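The block underneath contains the structure these notes are about, expressed in structure tokens.
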Amino acid sequence: MNLDKAWLGRDDSALINVGEQHRLLPAVAEAFNAMQQHAREAGQDMQIVSSYRNFDRQLSIWNRKWRGELPLYSHQGEQLDAASLSDQEKVYAILIWSALPGGSRHHWGTDLDVYDKATVDACGGQFDLVDAEYRSGGPCYALAQWMDKHLADFGFSRPFLQDNGGVATELWHLTHNSSAAAFEARRNQQALYECLSNAPMEGKSTVLAMLDELFNRFVLNQGVQQR
């Protein structure tokens, strides 16, 4: 695996299949399987919603949101009127809930989104992967509470546990800490700039002009910097 390509979502050679639809690094898959079994014994049906996504898949999500084919939401989860937003406002709105292509933790095979499938199915199967579903009264609330207590036991944490003005809170997003460390250390703005410059990306000129801010605020998730 070439880390310089892998952190950008351009090399998946080290990943293995997990079930029929998902891929992770072997160490992450092993840790997740152990955690999943422990959760099952506690009555939680922890299943993966999303795991590895390559650069092209992330680019497709970005372009569809830019074109208005997918909805945009505020930090509070309220749908926005995309037509009323400036190009800069649209960039911010997309990045609240979706990463820049090349800047997503889902590129690494170390991160995954989870939910309680059995409870969701028992509630009719409607599931949108939104914050309210992991809060009191939501179908994944018990799972969220279980994870509060047990994620660290298996080497996982939530990289988006707190909304500090960058990426919104995602109680469902888990990272395998030791496996992600090498990718975190590899991230650099110049490589991302070059990657995006050569991509068929909607709104590219706006993104590249804003990249100094976007890299720190959303890719590194340092949020709004105090001045």
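The values are calculated or read from the model by the stated rules, or taken from the named source; none is laboratory data. What you are looking at is a predicted structure, and each value in this text was computed from that prediction instead of being measured. Here Cβ is always computed from backbone atoms with ideal geometry, including for glycine, and neighbour counts include all displayed protein chains. For the accessible areas, the whole protein counts, side chains as well, though only heavy atoms, and no ligand, DNA or RNA atoms are used. Shrake-Rupley method; radii C 1.70, N 1.55, O 1.52, S 1.80 Å.
Here the calculated FRET efficiency for Arg187 and Arg57, from their Cβ-Cβ distance with R0 = 22 Å, stands at 0.70, rounded to the nearest 0.05.
Between amide H atoms placed 1.01 Å from N, distances below 5 Å from Met46 occur with Arg40, all of them 5 or more places distant or on a separate chain.
Residues in the range 132-143 carry Karplus couplings, in order, of 4, 6, 10, 9, 3, x, x, x, 10, 5, 4, 5 Hz; the curve used is 6.51 cos²θ - 1.76 cosθ + 1.60 with θ = phi - 60°, and Gly or Pro positions show x. Per the 1.4 Å probe, what fraction of the accessible area of the range 12-118, in percent, lies on carbon and sulfur atoms? Of all accessible area on the range 12-118, carbon and sulfur atoms account for 43 percent. Here, P(r) means the percent of Cα pairs in each 10 Å bin from 0 to the largest distance; for the chain it is 8, 32, 37, 20, 3, 0.
Coupling constants for the range 66-74 follow from the phi torsions by the Karplus curve (6.51 cos²θ - 1.76 cosθ + 1.60, θ = phi - 60°), and in residue order they are 5, 7, x, 7, 10, x, 10, 10, 7 Hz; glycine and proline get x. Summarising the label geometry, the points placed 7 Å from Cα in the beta-carbon direction at Lys149 and Ser197 lie 5.2 nm from one another. Measuring r between the beta carbons of Asp87 and Ala142 and using R0 = 35 Å, the FRET efficiency lands at 0.25. The H on the amide N of Tyr52, modeled in the peptide plane, is under 5 Å from the matching H of Arg23, each at least 5 residues off or on a different chain. Compared with the dominant principal axis of the Cα atoms in the chain, helix 177-186 is inclined by about 10°. Counting lysine pairs in the chain that sit 8 or more residues apart in sequence, or on different chains, and whose Cα atoms lie under 26 Å apart gives 6.
Roll a 1.4 Å probe over the protein chains and send me the accessible area per residue for the range 114-166 in Å².
Solvent-accessible surface per residue comes out at 52 Å².
Here the Karplus curve 6.51 cos²θ - 1.76 cosθ + 1.60, taken at θ = phi - 60°, turns the phi angles of the range 14-22 into couplings of 8, 7, 10, 6, 10, x, 8, 10, 10 Hz, with x standing for Gly and Pro.
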